[in-house]
Amino acid sequence: MAAQPKVAKVEGKNKKDASFETADKEQQEAIEKIDEVQNEIDRLNEQASDEILKVEQKYNKLRQPFFQKRSEMIAKIPNFWVTAFVNHPQVSALLNDEDEEVFHFLTKVEVQEFDDIKSGYKITFHFKENEFFKNQTISKEFHLNETGEPSSISTPINWKNGKDLVKKYAAKGGSGDRKRNHEDQQPESFFSWFSDNSDAGVDELGEVIKDDIWPNPLQYYLASEMDEDHSGEEGDDGVDDDEDGDGVDEDDDEEDS
């Protein structure tokens, strides 16, 4: 009789183990099915990426004649590009006074995305003859290799004697974060960014030019005029009832009399 409880206890344990085994098996089967579904989702994502890439390539080609036409119109406006860059908050933070002098000779900017788009892009700056360097064009290219590792290369700038802004501002100890601060620190030159290819992975300025300025530079060229218009409207709202401009309210005069 004493052996019976032990047998019952063993049987209960076997049932519990069996239920765990069943649960583990069901869980494993669910995981395998989820993995199969996830593989299908990944396959569709890859297919979507390929189709999106084809659409982007198509419309990049369609946009080219309009970019060319826009460049021809921009060429008729003096100081278009320097104004657009100075009005852009992020780019302006990297422009010191001498950079702005150089940018007054900037006649054309071009952004060219590579054929497969995902592999990178190229920014080209066109300059008329100037006192700073001999190059008529300088370019910076951004590349992604097959593993997605970023890199960049840029045109060597042929600076004229004593005009190398990169060396000049490096010698002055330009701020590492390249922020404009006339009181505390001398900012690095814009051309320090242009010539620096040490860490393309953290290069935000190229993306700003490609994705923000290049699609619609006119909005930044007109930004200063729009700010002036807004400030004028605010001034109108602040006009008081003193039409004579003598600083005395007519109602107060009547009450005093």
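Extending each Cα 7 Å along its Cβ direction at residue 33 and residue 146, get the distance between those two points in nm, one decimal.
Each label point lies 7 Å from its Cα, and together they span 3.9 nm.
How much length is gained on full extension from residue 77 to residue 48, taking 0.36 nm per residue of separation minus their Cα-Cα distance?
Taking 0.36 nm per residue and subtracting the Cα distance, the gain is 6.3 nm.
Residues with amide H under 5 Å of residue 107's amide H, sequence separation 5 or more or different chain, H placed in the peptide plane at 1.01 Å from N; which?
126, 127, 128
Taking the simple approach of a point 7 Å from Cα along Cα-to-Cβ for both residue 153 and residue 223, what is their distance in nm?
Taking the simple label geometry, residue 153 and residue 223 are separated by 3.2 nm.
Treat each spin label as a single point 7 Å out from the Cα along the C-beta direction, and report the residue 101 to residue 70 distance in nm.
If labels sit at residue 101 and residue 70, their model points lie 3.1 nm apart.
Ordered by residue, what ³J(HN,Hα) values in Hz, to whole numbers, does region 156-167 give under the Karplus form 6.51 cos²θ - 1.76 cosθ + 1.60, where θ = phi - 60° and Gly and Pro are x?
Residue by residue, region 156-167 yields x, 8, 8, 5, 7, 4, x, 10, 6, 6, 5, 5 Hz.
Give the calculated FRET efficiency between residue 114 and residue 22 to the nearest 0.05, with a Förster radius of 41 Å applied to their Cβ-Cβ distance.
It comes to 0.15.
A short reminder: the numbers here are calculations on the coordinates, not readings from a lab. If you're wondering where the values come from, they're calculated on a predicted model, not measured in any experiment. Quick reminder, even Gly has a Cβ in these numbers, built from the backbone with ideal geometry, and neighbours come from all protein chains shown.
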